[in-house]
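> This is the structure, below, for whatever I ask next.
The values are calculated or read from the model by the stated rules, or taken from the named source; none is laboratory data. Keep in mind it's a predicted model, so treat the numbers as computed, not measured. Positions of Cβ are generated from backbone atoms using ideal geometry, with glycine treated the same way; all protein chains shown enter the neighbour counts. For accessibility, only protein heavy atoms count, side chains too; no ligands or nucleic acids. Shrake-Rupley method; radii C 1.70, N 1.55, O 1.52, S 1.80 Å.
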Amino acid sequence: MVSDSQDSILAAVAGVIAPIFQPLGFGDWRISTALITGFMAKESVVSTLSVLFGSTEVLLGAMSPLTAAALLVFCLLYTPCVAAIASIKRELGSKWAVGVVVGQCVVAWVAALLVRAVGLMREFV
């Protein structure tokens, strides 16, 4: 147990992967932590964000509407929960399961980047 969630092992892992999400506008370790917990169940993304940010106001202060839109697109498209991946592994094998996880994460990242890029272009027009 840790007294500060930033000192947890999950936060340390999230801190390592957070730079991957920086181009998408959400390179914060707390958002990365929420995305990791989303592998267990997608609905845990929202609850993890709530716990780590402490309040809706703090969360809204940490991201713009454009960043929130990119995060939403990423969450909707990235890998399904562990139960779905386990079913894919059982039905099709380990290679397919890994391929689905990697493939969906790449598609989600690219789609979120496109949302951010279009949003940034609209801000400058």
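> Which of the following residues is open to solvent by 50 Å² or more (accessible area, probe 1.4 Å) and either within 17 Å of residue 21 (Cα to Cα) or outside any helix (DSSP H, G or I) (or both): 110, 45?
Exactly one residue qualifies, and that residue is 110.
> Further, regarding this structure: Going through 76, 71, 52, 59 one at a time, which residue ends up being open to solvent by less than 30 Å² (accessible area, probe 1.4 Å) and either part of a helix (DSSP H, G or I) or touching a residue at least 40 places away in the same chain (Cβ under 8 Å) (or both)?
Answer to the check: 71.
> Same structure again: Sort out which residues of segment 82-107 are closer than 21 Å to residue 30 by Cα and open to solvent by less than 40 Å² (accessible area, probe 1.4 Å), and write them in order of number. Full working, then the answer.
Taking segment 82-107 and keeping what is closer than 21 Å to residue 30 by Cα, we get 82, 105-106.
Listed by number, the list holds a single entry, 105.
> Could you count how many residues in segment 1-42 are open to solvent by 30 Å² or more (accessible area, probe 1.4 Å), free of Cβ contacts under 8 Å to residues at least 12 places away in the same chain, in a loop (DSSP other than H, G, I, E, B) and under 24 Å from residue 110 (Cβ atoms)?
0
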